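The values are calculated or read from the model by the stated rules, or taken from the named source; none is laboratory data. Note that this is a predicted model, so its numbers are computed, not measured. Glycine also receives a Cβ, built like all others from the backbone with ideal geometry; neighbour counts cover every protein chain displayed. Just the protein is used for accessible areas: all its heavy atoms, side chains included, with ligands, DNA and RNA removed. Shrake-Rupley method; radii C 1.70, N 1.55, O 1.52, S 1.80 Å.
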Amino acid sequence: MKVGILGSGDVGKALAAGFLRHGHEVTMGTREASKLADWAEKNPKALVGSVTDTAKWADVVVLAVKGAAAADALRGAGVENLSGKTVIDATNPIADAAPSNGVLRFFTNLDESLMERLQQEFPKVRFVKAFNSVGNGLMVNPKFPGGKPTMFICGNDDAAKKMVAGILDQFGWETADMGKAEAARAIEPLCMLWCIPGFLRNEWSHAFKLLV
Ligand SMILES: NC(=O)c1ccc[n+]([C@@H]2O[C@H](COP(=O)([O-])OP(=O)(O)OC[C@H]3O[C@@H](n4cnc5c(N)ncnc54)[C@H](OP(=O)(O)O)[C@@H]3O)[C@@H](O)[C@H]2O)c1
């Protein structure tokens, strides 16, 4: 697949490396390509482009920007370049405020997630929430003594979720499909839960598993 990644932070880089490792083509879409000069040198198989060109080129897009900038980044990519495509939404709606006893603050509430806001503004985009509930260092083929971890996903389009489940399988995850976009109200706060041991005890090496 041609995977276009919007955002040049740790998540964008980790997922780009994962897609390359699993044989996909990757373009990193950024507002400032110079930021990725070193990274591009170390990852010669990847392309770096503008946000718009990346969205146009891609079969599937990964949204890996700061949560507060997510809608802006999609507007910059161009709705016409995203319509009908799957957008894997790895963002979290983290507010610009310090955590409280290790608990992150969000700019959304429990009745409206960031992904629902994006789905409402971009109705023709097939959003799938994924990769938001684990640190970037564990996103690709994590190894745990307790076996494969679970990635909770949701989204309104079943075919898009099936495709994302295939990617997660390649990346060494079990997928738990939690339903439509509203389920992002529950999946986005998993990021808060995941970060608490990190902020309180500097423990960042865990992932969630659903036992059935
Ligand atoms: N860090 C983690 O381990 C982790 C884990 C799970 C989920 N997440 C979520 O994944 C997302 C990315 O996290 P991150 O840690 O890689 O980096 P980040 O610092 O949250 O965001 C990185 C990217 O956001 C883009 N950005 C910032 N302001 C923007 C704006 N006004 N318009 C368009 N793009 C803008 C920038 O892209 P360019 O400057 O290149 O255009 C930048 O590279 C976040 O939503 C985060 O909550 C992070």
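Tell me the trypsin sites (Lys or Arg not before Pro) within the range 85-157 that lie in a loop according to DSSP and have at most 12 other beta-carbon atoms within 10 Å. Walk me through the intermediate numbers first.
Numbers: sites: 85, 105, 117, 124, 126, 129, 143; in loops: 85, 105, 124, 143.
Within the range 85-157, the qualifying trypsin sites (Lys or Arg not before Pro) (loop, at most 12 other Cβ atoms within 10 Å) are 124, 143.
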Decide, for the chain, between rounded, prolate and oblate: order the square roots of the alpha carbon gyration tensor eigenvalues as a ≥ b ≥ c, take rounded if a/c falls under 1.5, and otherwise choose prolate if a/b is larger than b/c, else oblate.
rounded
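Provide the per residue accessible area, probe 1.4 Å, for the range 1-130, rounded to a whole number of square angstrom.
Per residue, the range 1-130 has an accessible area of 47 Å².
Could you put 65, 128 in order of accessible surface area, largest first, with the 1.4 Å probe and the full protein assembly present? List each step's numbers first, then the result.
Details: 65 35, 128 0 Å².
Largest accessible area first, the list is 65, 128.
May I ask you to list the GluC sites (Glu not before Pro) in the range 121-212 that are in a DSSP loop and have at most 14 other Cβ atoms within 10 Å of their Cβ?
On the way: sites: 121, 174, 182, 203; in loops: 203.
Hits after loop and neighbour filter: 203.
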Ignoring ligands and nucleic acids, what accessible area does residue 34 show with a 1.4 Å probe (Å², nearest 10)?
80
Given charges at Cβ of Lys, Arg, Asp, Glu: the chain dipole, positive-most of 122, 50, 156
50
In the full protein assembly as shown, how much of residue 196 is accessible to a 1.4 Å probe, in Å² to the nearest 10?
40
Compute, for the chain, the length of the dipole vector about the Cα centre, with Cβ point charges of +1 (Lys, Arg) and -1 (Asp, Glu) only. Units Debye, rounded to 20.
360
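Counting each DSSP H run of 4 or more residues in the chain as -39500 (n - 2.57), what helix-only mean residue ellipticity at 222 nm follows after dividing by all residues, to the nearest 500 deg cm²/dmol? Working shown, then result.
On the way: 9 runs with 74 residues, N = 212.
Calculated mean residue ellipticity at 222 nm is -9500 deg cm²/dmol.
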In the range 64-212 the accessible area split gives carbon plus sulfur, as whole percent at 1.4 Å, a share of 55
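Loop only by DSSP, 16 or fewer other Cβ within 10 Å of the Cβ. Give me the chymotrypsin sites (Phe, Trp or Tyr not before Pro) in the range 119-212 that pass, ordered by residue number.
Numbers: sites: 127, 131, 152, 171, 173, 194, 199, 204, 208; in loops: 131, 171, 173, 204, 208.
Answer in residue order: 204, 208.
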As a test question: what accessible area, to the nearest 10 Å², does residue 175 have when a 1.4 Å probe is rolled over all protein chains in place?
50
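Could you give the length gained by full extension between residue 96 and residue 21, i.e. 0.36 nm per residue of separation minus their alpha carbon distance, to one decimal place?
23.6 nm
To the nearest whole percent, what portion of all C-alpha pairs in the range 1-93 is separated by more than 21 angstrom? Provide the component values of the computation, followed by the final result.
Working: 837 of 4278 pairs.
Looking at the range 1-93, the distances longer than 21 Å represent 20 percent of pairs.
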Whenever you get a sec, line up 35, 45, 13 from highest to lowest accessible area (probe 1.4 Å, protein heavy atoms).
45, 35, 13
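Where nothing but the Cβ of Lys and Arg (+1) and of Asp and Glu (-1) is charged, how large is the charge dipole of the range 1-113 around its Cα centre, in debye to the nearest 20?
On the way: 12 positive and 13 negative charges, 57 e Å.
Its charge dipole is roughly 280 debye.
If I stretch the segment between residue 120 and residue 38 completely, what's the gain in nm (0.36 nm per residue apart, minus their alpha carbon distance), one decimal? Spell out each step's value before the answer.
Details: separation 82, 0.36 × 82 = 29.52 nm, distance 3.67 nm.
Full extension from residue 120 to residue 38 adds 25.8 nm.
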